[in-house]
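The values are calculated or read from the model by the stated rules, or taken from the named source; none is laboratory data. Nothing here was measured: the structure is a model prediction, and the numbers come from that model. A quick note on method: Cβ atoms are made from the backbone with ideal geometry, for glycine too, and the neighbour counts reach across all protein chains shown. Remember, those area values only see protein heavy atoms, side chains included, never the ligands or the DNA or RNA. Shrake-Rupley method; radii C 1.70, N 1.55, O 1.52, S 1.80 Å.
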Amino acid sequence: MKIPKKLNRAIGVVVNGVTNGVSQTSAKNKTSFLPPAEGISEACRQAAAESVVLLKNEKGVLPLTKDNTVSVFGRVQYDTFFVGYGSGGDVNPHYTVSIADGLKANKNIIIDKELDKIYADWRKKNPVDNGFWGHWPMCHDEMPVSYALVKDAAERSDTAFVVIGRAAGEDRENTLEKGSYYLTDEEENMISLVAESFERTCVILNIGSVMDLSWIEKYNIPCALICWQGGMETGNAVADIVSGAVTPSGKLTDTVAREYTDYPSSDNFGGKKLNKYVEDIFVGYRYFETFAPEKVLFPFGYGLSYTTFEYSNARLSQDGDSFTVTADIKNTGSFPGKETAQLYCAYNGELLATPAMRLITFAKTKELAPGETQTVTMNFSVYELSSYDDSGITGTKSAYITEKGEYDIRLGSSVRGTASVGVYTCKETRVIKQLSEVSAVEYENRFMRLRPLRLNGKVSKAFEPAPTRTVDLKERIFDSLPPYIARTDRKITLDDVLSGYATVEELVGTLTNDELEAITRGAYVMNSPLGAKGNASVFCGVLPSLREKGIPPVTCTDGPSGIRLCESSALLPNGTALAATWNGELVEKVYNLLGKEMLERGSDVLLAPGMNIHRNPLCGRNFEYFSEDPLVSGKSAAAVVRGLQSTGVSACPKHFCCNNQETRRTKNNSVVAERALREIYLKGFEICVKEAKPKTIMTSYNKINGVWGHYNFELVTTVLRGEWGFDGAVMTDWWMQSSASPEFPAMRDQAYRVRAGVDVLMPGGARVGKQVPDGTLLETLGHQEGITLGEIQAVAVHVIKFAMQLPYKFKKESTEAEAPSCGE
């Protein structure tokens with residue numbers, strides 16, 4: 001969410017800059033800080049270490065031995081980027097450990113103290129400039145490094161680390177410039193001189209998302225690793241990896257291309273008005289493995305270890321439409337370590353365009369001692385092998401289909417290192433799941449989408465028209481309008497509902513129009529006095545009369561990298577880092593502990609996880625999100641949700657959907673064919689909803705095929721609730737775009753939103769000005785084609801049922817005492 005300038009002081013959290021990716025508010029509130037949840041520091045350290053991806057390790061650079069002395073270059077070793085920018089990372093951390101501090105604190109690592117002092121002295125004279133909202137630094141000015149300085153360091157030490165850092169964030173897109181996607185001249189000079197003088201050179205990439213890495217080949221760097229933005233334990237995690245205390249097991253969740261222009265979305269990203277998703281389903285490795293394998297520098301799923309693993313006895317079994325793959329994985333090296341087994345499907349569709357490889361499931365081993373073997377078991381269904389037909393080319397439109405043919409199931413350690421474990425033969429084309437057309441491309445924005453042309457063993461690019469809309473949305477909405485609930489004068493409270501003396505519907509029947517309006521919005525402001533200091537806002541029991549009926553205020557806080565309040569919070573590894581662990585159990589544990597911190601601090605809903613697809617490496621919020629792959633995104637998000645909600649609080653996956661760039665994100669139109677929408681951009685949300693059952697979901701700012709996320713009936717009502725069975729509350733991102741309904745022109749704004757099935761406007765009103773209803777919800781109530789009582793009541797049912805899933809809210813009396821702003 002973007003923070004209006006007039007609200008800066010009221011929110012009480014940093015908006016005038018970030019110190020190394022961390023809120024500056026901490027300096028003003030240390031005396032009030034609660035301690036970390038028991039075990040959360042250790043869990044964050046483990047997650048940060050397990051996320052590290054070892055890209056290259058020649059000449060035995062890592063792990064270090066007791067005989068190695070290390071010269072560490074690059075100011076980011078001190079000015080570490082612990083997280084990206086904006087609401088997703090701006091928390092008051094309990095503490096932070098820089099890369100330099102982590103290395104120096106490790107008794108098994110010997111640091112060149114003379115070089116360390118040179119950097120310390122230079123940094124005192126050249127402090128970082130933290131910028132302000134939307135203008136944060138993507139990198140920090142680097143200390144000039146001379147040939148003599150490097151040579152002197154090489155005489156004192158045998159190993160060099162070069163630390164490179166990058167950050168982007170909300171309202172802060174990565175750019176195709178030096179200092180963002182590319183190295184600065186000073187960074188390139190430093191790497192060149194160090195690589196020339198040190199045979200044992202390791203580059204440590206403290207980055208939030210993928211950047212240009214072509215220089216690794218250019219300068220023949222023997223060792224490189226990505227430590228991402230590892231949160232408050234970044235430095236300790238890096239020290240654990242390079243010292244050998246932890247063996248690297250992180251794997252890439254994005255493909256690293258040789259050049260930016262190699263990415264399939266490079267020509268259709270950053271548009272001010274719209275972006276046409278011409279690449280269709282061919283995002284990331286789906287594109288590269290199909291069309292351009294030679295343009296890959298580091299493939300999807302790739303990551304080295306200090307040890308080696310051997311796969312054996314891999315076998316595929318089938319029981320109806322369910323499949324199981326088992327395999328033995330043995331540690332054949334000399335270090336303990338973990339391995340991620342990745343299962344892919346290779347199938348060349350005859351009618352439907354299909355990628356050369358598609359991830360269908362994965363499993364990570366426990367830590368295996370040298371010589372130890374573990375049998376891993378992976379399950380999937382025929383649904384994971386199917387493709388969506390949005391054109392009717394197979395004879396069945398708007399359905400998931402498995403075409404006739406052989407589906408090769410392949411197992412390995414990355415998309416490139418696989419072997420066949422068996423073949424599923426589909427004897428005839430089958431309809432796996434019949435659905436209906438939703439959110440298809442508008443005719444005026446029609447485009448040609450990518451598909452492969454396979455001839456004589458070769459693959460070339462071809463294009464076909466993306467199907468355009470055929471469904472009458474107005475008719476669809478009319479057919480699904482809910483009935484109204486009879487009104488009653490009975491005195492009913494939520495306690496009566498919880499005790500079984502009344503139903504939620506009966507309670508809703510007692511609500512006045514003013515109360516119904518209030519329950520469809522938040523409390524208007526961020527840092528609401530109804531919630532913990534520094535909250536994002538409050539919804540549900542926002543009126544005294546609602547609270548008198550036992551309906552509690554529900555406090556939202558920004559995430560996902562921590563709890564954005566005046567109080568301190570654990571600062572977690574960023575989303576990409578957590579996904580790179582490929583360890584759902586560990587991610588779930590981290591967020592279970594964060595959920596306990598939420599309970600202690602008065603947060604009910606964490607606005608997390610962020611789970612939009614890494615469509616393009618320049619997206620500013622990629623650090624918050626998980627992957628280019630929807631399965632990895634969905635599984636990672638489900639782990640976050642399970643972890644948080646196991647404590648009783650609520651997660652809120654976001655941004656639903658296609659929020660794939662920050663540039664003009666509130667105006668931009670994502671023009672995407674329905675097949676890609678379902679298979680790529682909705683699929684992660686589908687997995688998360690079905691596997692973890694989040695209690696709330698947040699819509700996106702952008703348009704999807706001409707309709708803003710917060711007005712999108714087909715995505716929210718038809719798909720989310722109708723197809724996936726979501727039964728929680730849907731909220732907007734903070735504030736929304738004013739618009740009349742094209743189908744019902746008399747309706748606008750709040751009525752348009754409620755008719756779409758979006759329950760709650762957050763934070764509840766205009767960015768600035770009077771804190772009163774805008775009048776657009778009720779102005780057409782009772783009018784022809786206007787909002788109906790049943791629609792508003794349906795929202796109230798959703799919101800109250802959601803509140804009932806927060807059991808701890810009913811164990812103590814709620815307070816209406818005002819909470820002062822942070823820092824006051």
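At a glance:
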item	result
Matching residues in the stretch 520-549 - criterion: being surrounded by fewer than 21 Cβ atoms within 10 Å (Cβ to Cβ) and hydroxyl-bearing (S, T, Y)	Y524, S545
Subset tally (residues that are open to solvent by less than 100 Å² (accessible area, probe 1.4 Å) and either touching a residue at least 40 places away in the same chain (Cβ under 8 Å) or on the phi < 0 side of the Ramachandran plot (or both)) for the stretch 471-501	21
Verdict on E114 being under 30 Å from N592 (Cβ atoms), open to solvent by 10 Å² or more (accessible area, probe 1.4 Å), outside any loop (DSSP other than H, G, I, E, B) and not small (G, A, S)	no
Unmet requirement for G405, which otherwise passes all of (1) under 31 Å from the mean Cα position of the chain (by Cα); (2) open to solvent by less than 40 Å² (accessible area, probe 1.4 Å)	(1)
Search result, residues across the stretch 229-266 that are of a type in the set (D, E), in contact (Cβ under 8 Å) with a residue 40 or more places away in the chain and more than 19 Å from E624 (Cβ to Cβ)	D240, E259
Residue match in the stretch 123-146 (condition: farther than 30 Å from N616 by Cα, modelled with pLDDT of 95 or more, under 32 Å from the mean Cα position of the chain (by Cα) and in a loop (DSSP other than H, G, I, E, B))	yes
Top-ranked residue in the stretch 502-519 [being of a type in the set (D, E) and closer than 20 Å to L761 by Cα; ranked as surrounded by the most Cβ atoms within 10 Å (Cβ to Cβ)]	E517
Residue within the stretch 345-361 that is surrounded by 21 or more Cβ atoms within 10 Å (Cβ to Cβ), out of contact with any His (no Cβ under 8 Å at 6 or more places or on another chain) and more than 30 Å from C426 (Cβ to Cβ) present	no
Selection status of E310, free of Cβ contacts under 8 Å to residues at least 60 places away in the same chain and in a loop (DSSP other than H, G, I, E, B)	no
Residue match in the stretch 390-402 (condition: aliphatic (A, V, I, L, M), under 30 Å from the mean Cα position of the chain (by Cα), more than 18 Å from M357 (Cα to Cα) and assigned to a strand (DSSP E or B))	yes
Filter result for A341 (assigned to a loop (DSSP other than H, G, I, E, B) and open to solvent by less than 20 Å² (accessible area, probe 1.4 Å))	no
Unique match (being over 28 Å from M448 (Cα atoms) and basic (K, R)) among R675, R748	R748
Selection within the stretch 653-677 - in a loop (DSSP other than H, G, I, E, B) and among the acidic types (D, E)	E662
Failed condition for N659, given (1) buried (at least 24 other Cβ atoms within 10 Å of the Cβ); (2) touching a strand residue (DSSP E or B) at 6+ places or on another chain (Cβ under 7 Å); (3) farther than 21 Å from E289 by Cβ	(2)
Filtered residues of the stretch 627-647 (kept if small (G, A, S), open to solvent by 10 Å² or more (accessible area, probe 1.4 Å) and not in a helix (DSSP H, G or I))	S646
3 or more residues under 20 Å from V640 (Cβ atoms): qualifying helices (runs of 4 or more DSSP H) within the stretch 536-626	575-580, 584-601
Hits in the stretch 135-157 - residues which are crowded, with 19+ Cβ neighbours inside 10 Å and among the acidic types (D, E)	E142
Condition check for A608: within 23 Å of the chain's Cα centre (by Cα), modelled with pLDDT of 95 or more, of a type outside the set (D, E, K, R) and over 24 Å from G764 (Cβ atoms)	no
Qualifying positions in the stretch 706-754 - touching a residue at least 60 places away in the same chain (Cβ under 8 Å), open to solvent by less than 10 Å² (accessible area, probe 1.4 Å) and among the polar types (S, T, N, Q)	N712
Residues (farther than 24 Å from P293 by Cβ and of a type in the set (S, T, N, Q)) located in the stretch 337-391	T365, T373, Q374, T375, T377, N379, S381, S386, S391
Test result for F300, part of a loop (DSSP other than H, G, I, E, B) and either free of Cβ contacts under 8 Å to residues at least 24 places away in the same chain or surrounded by 18 or more Cβ atoms within 10 Å (Cβ to Cβ) (or both)	yes
Criterion: closer than 14 Å to A756 by Cβ, in contact (Cβ under 8 Å) with a residue 12 or more places away in the chain and not aliphatic (A, V, I, L, M) - qualifying residue of K683, K690, K703, K695	K703
Unmet requirement for E42, which otherwise passes all of (1) touching a residue at least 12 places away in the same chain (Cβ under 8 Å); (2) in contact with an Asp or Glu (Cβ under 9 Å, 6 or more places away or on another chain); (3) in a helix (DSSP H, G or I)	(1)
Residues of the stretch 94-111 satisfying the condition of being in contact with a strand residue (DSSP E or B) (Cβ under 8 Å, 6 or more places away or on another chain) and either free of Cβ contacts under 8 Å to residues at least 24 places away in the same chain or open to solvent by 10 Å² or more (accessible area, probe 1.4 Å) (or both)	H94, T96, K104, I109, I110, I111
Candidate set from the stretch 303-325 (those that are hydroxyl-bearing (S, T, Y) and surrounded by 15 or more Cβ atoms within 10 Å (Cβ to Cβ)); member that is nearest to R410 (Cα to Cα)	Y311
Residues that are surrounded by 24 or more Cβ atoms within 10 Å (Cβ to Cβ), among the basic types (K, R) and out of contact with any strand residue (DSSP E or B) (no Cβ under 8 Å at 6 or more places or on another chain), drawn from the stretch 592-626	R615
Condition check for Y701: at pLDDT 95 or above, assigned to a loop (DSSP other than H, G, I, E, B) and buried (at least 21 other Cβ atoms within 10 Å of the Cβ)	yes
Conditions (1) open to solvent by 40 Å² or more (accessible area, probe 1.4 Å); (2) farther than 17 Å from P248 by Cα; (3) at pLDDT 95 or above; (4) in contact with a Pro (Cβ under 9 Å, 6 or more places away or on another chain): number failed by P336	(2)
Residue check, A440 open to solvent by 50 Å² or more (accessible area, probe 1.4 Å), touching a residue at least 40 places away in the same chain (Cβ under 8 Å) and not basic (K, R)	no
